[in-house]
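Everything below concerns the one structure shown next.
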């Protein structure tokens, strides 16, 4: 072996690589365990509209275990995402001792159900949180079976656009367990739109009503309390205290 220089060179190179790898491993262990590299500052990239500082201070300290390198970012992210108004969190290290936290809060689009303290965000996701009084008054009220919040929110958005053309505003949309739709307007009028029908979809029946609304409904001395749109070729209106009439 001693008479083969190329083999000796190869062995020497290998030993150097092993030594370098061991040195790097030792350095990595030292960086993870060294107590002199603590996280000294946590900064939020944007101000929080709903999440209170006290809520953050209650969950964050327990997640800040370890130093700058050993700190588990997933633990930090998970602890913040358990807060009621927090939808998504991103965390990154900034050398030498800082964490930057970017929080996406829920943007409430509607109330969900009644008396359960649940809201629907702009993605159609249901979450439990307590909005301030002004937000509660401004939000529409949506009802539906479990798992239907995205569909009900989408329908509400369509109805807002539809009734804007006649100067009215939807404030409540309900999808029943039998998948029948009901709408309440800001003026108190209730519209039974029924289920989707292959030959007479809800949208078609509703558009027929919108087309005649200015003359048939808006100009009435007493507006109807209930409008039944479940008929394939027409609708029925009922004034409070009166019988039905087409």
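The values are calculated or read from the model by the stated rules, or taken from the named source; none is laboratory data. In this text, all values refer to a predicted model and were calculated from it rather than measured experimentally. Quick reminder, even Gly has a Cβ in these numbers, built from the backbone with ideal geometry, and neighbours come from all protein chains shown.
So which residues in the range 91-101 are assigned to a strand (DSSP E or B) and either surrounded by 13 or more Cβ atoms within 10 Å (Cβ to Cβ) or out of contact with any strand residue (DSSP E or B) (no Cβ under 9 Å at 6 or more places or on another chain) (or both)?
Result: 91, 93, 98, 99, 100, 101.
Restricting attention to the range 186-204, which residues are in a loop (DSSP other than H, G, I, E, B) and either free of Cβ contacts under 8 Å to residues at least 24 places away in the same chain or touching a strand residue (DSSP E or B) at 6+ places or on another chain (Cβ under 8 Å) (or both)?
Answer for the range 186-204, where residues must be in a loop (DSSP other than H, G, I, E, B) and either free of Cβ contacts under 8 Å to residues at least 24 places away in the same chain or touching a strand residue (DSSP E or B) at 6+ places or on another chain (Cβ under 8 Å) (or both): 186, 189, 195, 196, 198, 201.
Looking for whichever is over 20 Å from the mean Cα position of the chain (by Cα) and part of a loop (DSSP other than H, G, I, E, B) here; the options are 60, 71. Which one fits?
None of the others qualify; the one that does is 71.
Could we say that residue 153 is buried (at least 16 other Cβ atoms within 10 Å of the Cβ) and either outside any strand (DSSP E or B) or not assigned by TED's automatic domain parsing to the domain that holds residue 53 (or both) here?
Yes; evaluated as a whole, the condition is true for this residue.
Going by what's in this entry, would residue 66 be described as part of a loop (DSSP other than H, G, I, E, B), in the same structural domain as residue 147 (by TED's automatic domain parsing) and surrounded by 12 or more Cβ atoms within 10 Å (Cβ to Cβ)?
Judged against the criteria, residue 66 is not a match.
Return yes or no: is residue 114 within 30 Å of residue 174 (Cβ to Cβ), surrounded by fewer than 13 Cβ atoms within 10 Å (Cβ to Cβ), at pLDDT below 95 and assigned by TED's automatic domain parsing to the domain that holds residue 157?
Yes.
Just give me the residues in the range 145-165 being in contact (Cβ under 8 Å) with a residue 12 or more places away in the chain and either touching a strand residue (DSSP E or B) at 6+ places or on another chain (Cβ under 8 Å) or more than 17 Å from residue 204 (Cβ to Cβ) (or both), in sequence order.
Answer for the range 145-165, where residues must be in contact (Cβ under 8 Å) with a residue 12 or more places away in the chain and either touching a strand residue (DSSP E or B) at 6+ places or on another chain (Cβ under 8 Å) or more than 17 Å from residue 204 (Cβ to Cβ) (or both): 145, 148, 149, 150, 151, 152, 153, 154, 155, 156, 159, 163.
Can you confirm whether residue 111 is assigned to a strand (DSSP E or B), over 25 Å from residue 46 (Cα atoms) and within 15 Å of the chain's Cα centre (by Cα)?
Spelling it out, residue 111 is indeed assigned to a strand (DSSP E or B), over 25 Å from residue 46 (Cα atoms) and within 15 Å of the chain's Cα centre (by Cα).
Let's see how each residue does on (1) at pLDDT below 95; (2) over 27 Å from residue 229 (Cα atoms):
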site: 102; (1), (2): no, yes
site: 128; (1), (2): yes, yes
site: 141; (1), (2): no, no
site: 164; (1), (2): no, no
site: 171; (1), (2): no, no
site: 193; (1), (2): no, no
